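Trainee: Dropping a structure here in structure tokens format, bear with me for questions.
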């Protein structure tokens, strides 16, 4: 192969993994340790056992539930057992949305039950439910374009399908349907909104997920009018009209029933809604840096899950991968130069409350945090390593990339998209990383009852830990502090 | 290849499909018509549309429900629309078991909901449910061997796993667990019985199914004591203690919770039970034979389904395959020599009530029925053709086998195991056939909410129809009446 000048590689933000590096920006001894950590994790990381423990001993752990508190105690105990130096519970104000009973049935022309789940933050129906004719839309744009008269007094049904992609690329588009159907339909006079599940499977599992974008509240006068202000100042809202997701087979069935040409009526009863505040916690495990303890490398996942499954791929796996990476570093004879922090974030699912609370509690993050990465895309193999750092830091990052390359992880670009919980702190100006997992089947299970431990492969988790442990160790041990990109 | 003498082939009950047949026992013109019917069905049989119609316009259709009556009307109308000469509703006395609400949760050591379905004929729990410690058994033999003291006052949990086999061979063994757990556990003093679902999937769908073998009632004094006698004299019973199936992931979870070593307690509430009699119907479509109308070739499936899914593979597919086969023959310029009958049997799932009623209504079946075959093993490709006929009939049957062979259907033996609904009539001494389907994934969906239309492949249905239409036409047109095996 032709060797390119090093300056070109840096400018392009790509590591030429097979190219010999004349002088590494990371000490040879550190590289050797990282390789040992990597290979040892690959041979057996313990991450599966952690995933099993959380999903079995806690199970489903919806933010604000009794299981949320048990999950926090579990994380605290697990960090201690794994040899972390310091475990901190960081308060998070959590609004509690309760899922009671849910039922739906076609009442005519062919009476039959439908399998659905209320979307998170759905408002409830009146007791006894509502019954109305269905009006179907192929996608959210068709609903937007519909005249009010076509929608008034009806249940809107948006049957938009999600695309299967390794990088989850279909989610961004489809998830807009979830957050908008009830708002757009409700404003046109609909009495409820049903959507086709945001999922790529054809199993009869509805996929739940947040039905409101809280980020929109500040931008939208109508949303603002009905917003609820939490004690920490956060704004939330329930959906304008009750909102639920049908499983893909049920959505297909409703498509077919509508296609028969007779009016299709549905009875829907959702006993769900906002019930008040809960005081939860981010759980933080630290390995305190031996030279620069104030400089933090942060990895983590989210501790909460949706309620139908046991949150194995979303996100016990991420918790386990990053805890196991920290545990491996904890066993080294000495701590890395900087602090390694593993965060089990509270309440990601219902609005990133843990991530926002973390950013609020660490306003100086741009100075104190040198690298952040989150594992929250299931339990598939990592195939790419992207960064979002200053150009000066690229030699260090590329050297890390070379240690990951034997794991079949390609060096991506320097425009990493970061995990959701670390989004708020990333915005403060913190160097960020993405270790991208193969999510080709992630949305088969995501937010369903079928997100259970059996969907997790121990060997794949080991590869994830191998990547995280090498990455985190090297970021914490590197000679030069990694800096964020200069603002343009 | 080496050609074997024809007498050897006949004696062995095997057709050597590639071997030239000197003189066919079926007229060449009939063979030619059968081949045309076969190839035309393969190119597009209409069976998928029938499956879609039944699963969409009726949906789930549990015996004795409102949907049962709708299914009967549907079948009657469909037979007429497909050109059958005569449609008969044959009364069937159906005992109605109602599934109300069901819930279960681990209450300690790690509170969490469990996903389960009551088994058919389960007795209910008292209102408010029951709560007890779980005692786990690896298989039904371990439960049988347990001392009463280990079981008394507890919920028995039998975690026996089912084997995946193309021919469904794992079902026979596993299904014994379903019919026995509550009886054996209850007699030892258990308060309820949970089983691992009889299913090969790892999706979080429980598999329902009958929890009592009604055939045992006559043989078992204790069962007889609590039996209910229906107006037609049939004996039924509910389970001795409440009985339900956990999904495979839930059974795995319970295995893990038990393995933690602390007592595991479960709260179970099942509002289910026997509610009375219903008067349902087998629906019979006939193409009346042009020469020997009193001689009947019978094919069919069962019209009812369990309630969680829409009964697409179990057994809308079988109904559709056999209806479509009949419809193709109905379009021929003349009727075959004998009568072709397609039966949509009532209430297979809850105790073969339709099949028994048919046998009772046709006590002369050994004289009048010349060939019977049922399609009730999903929507997979047919790979084998077995018979159970007199030795004299083997030349005719082997000639039929040769017409099926190009469909990648091998000629099996002369000891066919027959479908469940035709079991009772087979016992009267009727020649029977099995067109065996590939059921490698059948028990992934069987008796679950996930048995929906999307699991059915139209092309595979066409191959099934191609086989049934050729078989049924040739059996109805053959020179010689097919006779049953001589009794030994």
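Trainee: Within the stretch A:52-75, is there a residue that is more than 14 Å from chain B (Cβ to nearest Cβ) and surrounded by fewer than 20 Cβ atoms within 10 Å (Cβ to Cβ)? Walk me through how you get there before you give the answer.
Mentor: Of all residues in the stretch A:52-75, those more than 14 Å from chain B (Cβ to nearest Cβ) come to A:63-64, A:72, A:75.
Those still in the list that are surrounded by fewer than 20 Cβ atoms within 10 Å (Cβ to Cβ) too: none.
Checked the stretch A:52-75: no residue is more than 14 Å from chain B (Cβ to nearest Cβ) and surrounded by fewer than 20 Cβ atoms within 10 Å (Cβ to Cβ).
Trainee: Run residue A:96 past the list (1) in contact (Cβ under 8 Å) with a residue 12 or more places away in the chain; (2) surrounded by fewer than 19 Cβ atoms within 10 Å (Cβ to Cβ); (3) within 14 Å of chain B (Cβ to nearest Cβ) and report the number of the one that doesn't hold.
Mentor: (3)
Trainee: Looking only at the stretch B:164-175, filter to residues that are free of Cβ contacts under 8 Å to residues at least 60 places away in the same chain and under 27 Å from residue B:190 (Cα atoms); which one of those is surrounded by the most Cβ atoms within 10 Å (Cβ to Cβ)? Break it down into steps so the answer makes sense when it comes.
Mentor: Taking the stretch B:164-175 as the starting set, the residues that turn out to be free of Cβ contacts under 8 Å to residues at least 60 places away in the same chain are B:169, B:172-175.
Cutting the leftovers down to under 27 Å from residue B:190 (Cα atoms) gives us B:172-175.
Working: B:172: 9, B:173: 14, B:174: 23, B:175: 15.
Among residues in the stretch B:164-175 that are free of Cβ contacts under 8 Å to residues at least 60 places away in the same chain and under 27 Å from residue B:190 (Cα atoms), the one surrounded by the most Cβ atoms within 10 Å (Cβ to Cβ) is B:174.
Trainee: Among A:218, A:324, A:237, which is away from chain B (no Cβ under 14 Å), out of contact with any strand residue (DSSP E or B) (no Cβ under 6 Å at 6 or more places or on another chain) and at pLDDT below 95?
Mentor: Numbers: A:324 fails: at pLDDT below 95; A:237 fails: at pLDDT below 95.
So the residue among A:218, A:324, A:237 that is away from chain B (no Cβ under 14 Å), out of contact with any strand residue (DSSP E or B) (no Cβ under 6 Å at 6 or more places or on another chain) and at pLDDT below 95 is A:218.
Trainee: Residues in the stretch A:225-232: is at least one in a loop (DSSP other than H, G, I, E, B), surrounded by 24 or more Cβ atoms within 10 Å (Cβ to Cβ), modelled with pLDDT of 95 or more and in the same structural domain as residue A:135 (by TED's automatic domain parsing)?
Mentor: First pass over the stretch A:225-232, keeping only residues in a loop (DSSP other than H, G, I, E, B): A:226-227, A:230-232.
Right, trim to surrounded by 24 or more Cβ atoms within 10 Å (Cβ to Cβ) and you get none.
No, every residue in the stretch A:225-232 fails to be in a loop (DSSP other than H, G, I, E, B), surrounded by 24 or more Cβ atoms within 10 Å (Cβ to Cβ), modelled with pLDDT of 95 or more and in the same structural domain as residue A:135 (by TED's automatic domain parsing).
Trainee: Is there a residue being surrounded by fewer than 24 Cβ atoms within 10 Å (Cβ to Cβ), within 14 Å of chain A (Cβ to nearest Cβ), touching a residue at least 40 places away in the same chain (Cβ under 8 Å) and out of contact with any helix residue (DSSP H, G or I) (no Cβ under 6 Å at 6 or more places or on another chain) anywhere in the stretch B:458-477?
Mentor: Among the residues of the stretch B:458-477, not one is surrounded by fewer than 24 Cβ atoms within 10 Å (Cβ to Cβ), within 14 Å of chain A (Cβ to nearest Cβ), touching a residue at least 40 places away in the same chain (Cβ under 8 Å) and out of contact with any helix residue (DSSP H, G or I) (no Cβ under 6 Å at 6 or more places or on another chain), which makes the answer no.
Trainee: Evaluate the following for residue A:222: is it touching a residue at least 12 places away in the same chain (Cβ under 8 Å) and over 24 Å from residue A:112 (Cα atoms)?
Mentor: Details: touching a residue at least 12 places away in the same chain (Cβ under 8 Å): yes; over 24 Å from residue A:112 (Cα atoms): yes.
Yes: the conditions hold for residue A:222.
Trainee: Next up: Within the stretch B:99-111, take every residue that is more than 10 Å from chain A (Cβ to nearest Cβ) and more than 13 Å from residue B:129 (Cβ to Cβ) and give me the one that is farthest from the chain's Cα centre (by Cα).
Mentor: Residue satisfying both the conditions and the ranking: B:108.
Trainee: Assess whether residue A:347 counts as being out of contact with any strand residue (DSSP E or B) (no Cβ under 7 Å at 6 or more places or on another chain) and either part of a loop (DSSP other than H, G, I, E, B) or surrounded by 24 or more Cβ atoms within 10 Å (Cβ to Cβ) (or both).
Mentor: Details: out of contact with any strand residue (DSSP E or B) (no Cβ under 7 Å at 6 or more places or on another chain): no; either part of a loop (DSSP other than H, G, I, E, B) or surrounded by 24 or more Cβ atoms within 10 Å (Cβ to Cβ) (or both): yes.
Answer is no for this residue.
Trainee: Okay, moving on. Being within 12 Å of chain A (Cβ to nearest Cβ) and in contact (Cβ under 8 Å) with a residue 12 or more places away in the chain, is that true of even one residue in the stretch B:77-86? Lay out the reasoning, then the answer.
Mentor: Filtering the stretch B:77-86 for residues within 12 Å of chain A (Cβ to nearest Cβ) gives none.
No, because not a single residue in the stretch B:77-86 is within 12 Å of chain A (Cβ to nearest Cβ) and in contact (Cβ under 8 Å) with a residue 12 or more places away in the chain.
Trainee: Among the residues of the stretch A:418-443, which ones are outside any loop (DSSP other than H, G, I, E, B) and in contact with a helix residue (DSSP H, G or I) (Cβ under 8 Å, 6 or more places away or on another chain)?
Mentor: Initially, the stretch A:418-443 is screened for residues outside any loop (DSSP other than H, G, I, E, B), giving A:423-426, A:432-437, A:442-443.
Listed by number, the residues that qualify are A:423, A:424, A:425, A:432, A:433, A:435, A:437, A:442, A:443.
Trainee: On to the next question. Residues A:143, A:114, A:119: which one is surrounded by 19 or more Cβ atoms within 10 Å (Cβ to Cβ) and within 14 Å of another protein chain (Cβ to nearest Cβ)? Break it down stepwise before answering.
Mentor: Working: A:143 fails: within 14 Å of another protein chain (Cβ to nearest Cβ); A:119 fails: within 14 Å of another protein chain (Cβ to nearest Cβ).
It is A:114.
Trainee: Right, something else. Out of A:254, A:194, A:270, report the one residue that is surrounded by 21 or more Cβ atoms within 10 Å (Cβ to Cβ) and either assigned to a loop (DSSP other than H, G, I, E, B) or within 14 Å of chain B (Cβ to nearest Cβ) (or both).
Mentor: A:254
Trainee: Which one of the conditions (1) within 14 Å of chain B (Cβ to nearest Cβ); (2) assigned to a strand (DSSP E or B) does residue A:295 fail to meet, given that it meets all the rest?
Mentor: The one condition residue A:295 does not meet is (1).
The values are calculated or read from the model by the stated rules, or taken from the named source; none is laboratory data. Every value quoted in this text rests on a predicted model; they were computed, and no experiment measured them. In this analysis, Cβ positions are derived from the backbone assuming ideal geometry, glycine residues included, and neighbour counts consider all displayed protein chains.
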